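Below: the structure, in structure tokens.
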Amino acid sequence: MKRMLFFLLAVLPILYSAQAREVINLNRNWQFSYTSDLRSRSTVDLPHTWNYDVMSIRLQYNRGLSNYIKEVDIPQEWSEKRIFIRFYGINNAANLFVNGQYVGEHKGGYTAVTYEITTFLKSGASNNIWVRVNNSPQLDFMPINSDFNIYGGIYRDVELIVVDQAHFALNDFSSDGIYLR
């Protein structure tokens with residue numbers, strides 16, 4: 001019993017500090033383009049797929065590239081913080097660019113992915129987030145061929161996570177960085 005009490009007293013401050021992060025939902029007002037012409041955009045809210053009507057009357061759905069673009073204002077007071085972006089689901093593969101710079105790639109439409117984007121952002125300014133999504137058939141990751149629907153799009157929430165310089169790891173398989181063993 002004493003060990004458990006000691007453990008709880010030791011862990012509670014850590015868990016409290018883990019809550020010392022700001023989480024901003026980015027689901028509203030994305031610019032979407034299903035073509036390579038980024039000038040032909042429509043405004044969408046997430047979650048979104050470009051095959052939303054496939055369950056109604058169409059038997060086939062579109063497979064290919066699309067673009068999601070969002071402008072995000074980064075306050076000057078975040079200049080000493082570390083900033084991450086977490087996608088809870090992008091189907092099926094995605095490339096992330098921030099202010100025109102390549103950040104990374106994620107393959108697999110059924111898992112979350114978190115990127116640290118601190119070094120790509122400009123504090124006190126509007127920043128461009130561009131996600132290039134591809135749901136075309138690809139042989140280098142699962143599922144290759146199955147009964148899974150691969151509708152395409154950013155089909156789950158997107159969050160901006162702002163933390164202090166010292167924080168629990170956020171990009172360890174998109175976990176919250178806390179493990180008890």
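The values are calculated or read from the model by the stated rules, or taken from the named source; none is laboratory data. All values reported here derive from a predicted model rather than from experimental measurement. Virtual Cβ from ideal backbone geometry, glycine too; neighbours counted across all protein chains shown. The protein model used for the area step is the full one, side chains on, heavy atoms only, and it has no ligands, DNA or RNA in it. Shrake-Rupley method; radii C 1.70, N 1.55, O 1.52, S 1.80 Å.
Side notes on the structure shown:
- Sites residue 164 and residue 110 - FRET efficiency at Förster radius 22 Å, r taken between beta-carbons, to 0.05: 0.10
- Whole-Hz Karplus values for segment 109-122 come out as x, 10, 10, 7, 9, 10, 10, 7, 10, 3, 6, 8, 8, 10 Hz, taken residue by residue from phi with 6.51 cos²θ - 1.76 cosθ + 1.60 and θ = phi - 60°; glycine and proline positions read x.
- In nm, spacing of pseudo-spin labels at residue 80 and residue 35 (7 Å Cα→C-beta vector): 4.9 nm
- Ranking 106, 167 by solvent-accessible area of protein heavy atoms (1.4 Å probe, all protein chains present), from largest to smallest, gives 167, 106.
- Length added when fully stretched, residue 140-residue 71, from 0.36 nm per residue minus Cα-Cα: 21.7 nm
- Per-residue Karplus couplings for segment 20-28, computed as 6.51 cos²θ - 1.76 cosθ + 1.60 with θ equal to phi - 60°, are listed in order as 7, 9, 9, 10, 10, 6, 10, 6, 8 Hz, Gly and Pro entered as x.
- Radius 11 Å from Cβ of residue 121, net charge of other residues (Lys, Arg +1; Asp, Glu -1): +1
- Proximity of backbone amide H atoms, modeled 1.01 Å from N, is registered between residue 48 and 154, 155, 156 at under 5 Å, excluding neighbours fewer than 5 places apart on the same chain.
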